Every structure is written in structure tokens, then in C-alpha cells.
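Trainee: The structure that follows is given in the form of C-alpha cells.
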Amino acid sequence: YATAHAKLSDLKEVRRAHGGTGNDVVLAITAGALRSWLMTRGEAVGSRAVIRAMVPVSVRDDEDSVGGNRVAAFLVDLPVGEPDPVVRLQRISFDMAQHKESGQMRGAEAIVAIAGFAPPTLHAMGARVGSDLSKRVYNLVITNVPGPQFPLFAGGARMLAAYPVVPLPKGQAVSIGATSYDGGVYIGVDGDRDAMADLDVLVDCLEHARS
């Protein structure tokens, strides 16, 4: 397990400059990090190379009640072969927009508003959804859940950070979770000990990609 972090304001600045959503920006950063990480392993990364991510999102239909939120899996091909970070973001934004056109996809903010501080629960729900799919369908799980943008306290002590731990679905080598909290974005990377001995390298790539 390893962690990385970023300023929420930096991600919002990218979104304002190049479009898309906050979740799109997180996925684009992850795509850039995976591209760099693959190169450190000496993997061939052609211009059309992609890594398929399972991205849990909240969905509902017209019969759902306010409390009837469900989480489903959307598959997104991260364009790790694209060297331009802006183009990576645009391609991911386009793919995610196609899902939204169905009218079923909802932002995680809606669940957080209902359930209070719900990020740990939502990350776990996303991992459970992923475990229902074949390991051949996708390469990794990426969850992104917004948290409160004000400080929380426990026993008078201020919570400084909120790093998520996304359980590894069966047959998967790595899961990545992001939670925004009090102006920061906190990323937790959970890796299989044998398959991901260089997990620290992937985290370094995430730190570099966010800049």
C-alpha cells in the first residue's frame, strides 16, 4: 500500500482550462502515471495502447427512491499510448460523456449528500462491483469519491488526511482510490505484493503526472 496526494484546487484549474469533470481529471492523471510506469518496466507503449479501468459510479433508474442508490461498473479505456496529457483528458472525457448520455450515471456527490461522510463505504462498494466481473474484462479498479470540504474532528483531534484503501478484486494486481477532503485529494494505491513489487514507482509516477 502506498499513497500520493494533490491539491483539489490544482485539479479544478485543469478542469477549467481543458474541460471535463473532476473524475475525468483523476482518470487522466492515472493514465499518465500508468504510461510512465509501463515505460519504467521496459514495456512497449504504442500510440494505440490502452489500459482498461473499471470505474464504479452511482446509477439509478426512474423507480429508485432517494435512498435507493446503486453502484455499477463502467469500463473506460485509459489511453496510455497518448503522450499529450491534454489529449488524454479529452479522450477520457469523451468516453465518460457517452456513459452519461444514458441518463443513469450520477455523480458520487449525490450519495455523499445523502449518507454524510461516505467515502470508505463507496470505495468498498466499488471494489465489490469489480469482483463480480471477470478479471479478463479490465486491468484495474479506480474509484474517486468526494468527501467534505471542511475539517472533521474525532475526540478533539483534527483529521488531516483521508487516504482510501480499495480492496483488490480477485485476480487483480492493483486498485487505486481517490478521496477529496478539506481542499486536498488523497490517493491510496493497493497492490498485490508479488505482482507489484515496484508500487512505489507507480506512486512516484502519479505524483509526477499530477503536476
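The values are calculated or read from the model by the stated rules, or taken from the named source; none is laboratory data. Given the structure is predicted, the values throughout are model-derived calculations rather than measurements. Cβ coordinates were reconstructed from backbone atoms using ideal geometry, including for glycine residues, and neighbour counts include every protein chain displayed. Surface areas here come from the heavy atoms of the whole protein model, side chains and all, with no ligands, DNA or RNA. Shrake-Rupley method; radii C 1.70, N 1.55, O 1.52, S 1.80 Å.
Trainee: Of the residues in the stretch 1-24, how many are touching a residue at least 60 places away in the same chain (Cβ under 8 Å), part of a helix (DSSP H, G or I) and more than 14 Å from VAL87 (Cβ to Cβ)? Can you show your working first?
Mentor: Initially, the stretch 1-24 is screened for residues touching a residue at least 60 places away in the same chain (Cβ under 8 Å), giving 1-11, 14, 18-24.
Right, trim to part of a helix (DSSP H, G or I) and you get 8-11, 14, 18, 22-24.
From what is left, the residues that are more than 14 Å from VAL87 (Cβ to Cβ) are 8-11, 22-23.
Looking only at that region, the number is 6.
Trainee: For residues that are among the small types (Gly, Ala, Ser) and surrounded by 14 or more Cβ atoms within 10 Å (Cβ to Cβ), tally how many sit in the stretch 135-165. Show your work before the answer.
Mentor: Step one: filter the stretch 135-165 for residues among the small types (Gly, Ala, Ser), giving 147, 154-157, 161-162.
After this cut, where a residue has to be surrounded by 14 or more Cβ atoms within 10 Å (Cβ to Cβ) as well, the list is 147, 162.
Here the count works out to 2.
Trainee: Next question, about the same structure. Suppose we filter ASP194, ASP182, ASP190, ASP200 for residues that are modelled with pLDDT of 85 or more and farther than 19 Å from THR3 by Cβ; which single one remains? Can you show your working first?
Mentor: Numbers: ASP182 fails: farther than 19 Å from THR3 by Cβ; ASP190 fails: farther than 19 Å from THR3 by Cβ; ASP200 fails: farther than 19 Å from THR3 by Cβ.
Just one listed residue meets the conditions, ASP194.
Trainee: Does VAL141 fit the bill of being within 16 Å of the chain's Cα centre (by Cα) and modelled with pLDDT of 60 or more?
Mentor: yes
Trainee: May I pose another question? Test SER175 against the criterion of being among the polar types (S, T, N, Q) and at pLDDT below 85, and give yes or no.
Mentor: The answer is no for SER175.
Trainee: Name the residue that is most open to solvent (accessible area, probe 1.4 Å), counting only residues in the stretch 11-42 that are touching a helix residue (DSSP H, G or I) at 6+ places or on another chain (Cβ under 9 Å) and of a type in the set (D, E, K, R).
Mentor: ARG41
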